[in-house]
Amino acid sequence: MRRSPARALSRPFIALPTALALGALLAGPAAPAAGAGRTTTETTVVIEGFEFVPASVTIHAGDSVRWVNKDNDEHTTTSDEPGWDSGLIVPGGDFTQVFTTPGTFSYHCDLHSTLTGKVIVE
């Protein structure tokens, strides 16, 4: 008895998904990714009255800080040590930085030396 060509071709397409499913079952559940189960958050720091409000924030590694300029002047958020520099943040503008490493990160505005803040990453 001779098989039809269409029927002969369909078997590999059935066998492959079955083999992949069987392999997944035998391998067991995948290990969770690092940091799985925790969602990242964004903390907002407002720039107004020539101040960072709040001046100090505490976040977790992987979280981000968003600076929003509500002043009438341009500002920057620039780390004291090599790290980040927002460039000029125009009035109404914003800048976001993700922090992946634990530590304490002091920062300032390049244009206004009294404007300082701190990000603590746990």
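Would a scan of region 18-29 turn up a residue that is of a type outside the set (Asp, Glu) and at pLDDT 95 or above?
First pass over region 18-29, keeping only residues of a type outside the set (Asp, Glu): 18-29.
Within this subset, residues satisfying the condition of being at pLDDT 95 or above are none.
No: region 18-29 contains no residue that is of a type outside the set (Asp, Glu) and at pLDDT 95 or above.
Which ones in region 42-58 are over 11 Å from LYS118 (Cα atoms) and within 17 Å of the chain's Cα centre (by Cα)?
Result: GLU42, THR43, THR44.
Please go through region 39-57 and give me each residue that is in a strand (DSSP E or B) and either in contact (Cβ under 8 Å) with a residue 40 or more places away in the chain or over 11 Å from VAL68 (Cα atoms) (or both), ordered by number.
Hits for region 39-57 are GLU42, VAL45, ILE47, GLU51, PHE52, SER56, VAL57.
So, in region 43-77, of the ones that are out of contact with any Phe, Trp or Tyr (no Cβ under 6 Å at 6 or more places or on another chain) and hydroxyl-bearing (Ser, Thr, Tyr), which residue ends up surrounded by the most Cβ atoms within 10 Å (Cβ to Cβ)?
THR76
Anything in region 79-112 that is within 20 Å of the chain's Cα centre (by Cα), touching a residue at least 40 places away in the same chain (Cβ under 8 Å) and in a loop (DSSP other than H, G, I, E, B)? List them, or say none.
PHE99, THR101, PRO102
Checking ASN69 against (1) touching a Gly at 6+ places or on another chain (Cβ under 6 Å); (2) more than 15 Å from THR44 (Cβ to Cβ), only one condition comes out false. Which one?
That leaves (2) as the condition not met.
For ALA33, indicate whether it is at pLDDT below 95 and not in a helix (DSSP H, G or I).
So ALA33 fits the description; yes.
May I ask you to list the residues in region 97-119 that are surrounded by 15 or more Cβ atoms within 10 Å (Cβ to Cβ) and among the β-branched types (Val, Ile, Thr)?
Hits for region 97-119 are THR116, VAL119.
The values are calculated or read from the model by the stated rules, or taken from the named source; none is laboratory data. Since we're looking at a predicted model, the values are computed, not measured. When we count neighbours, we look across all protein chains shown, and the Cβ atoms used for this are built from the backbone with ideal geometry, even at glycine.
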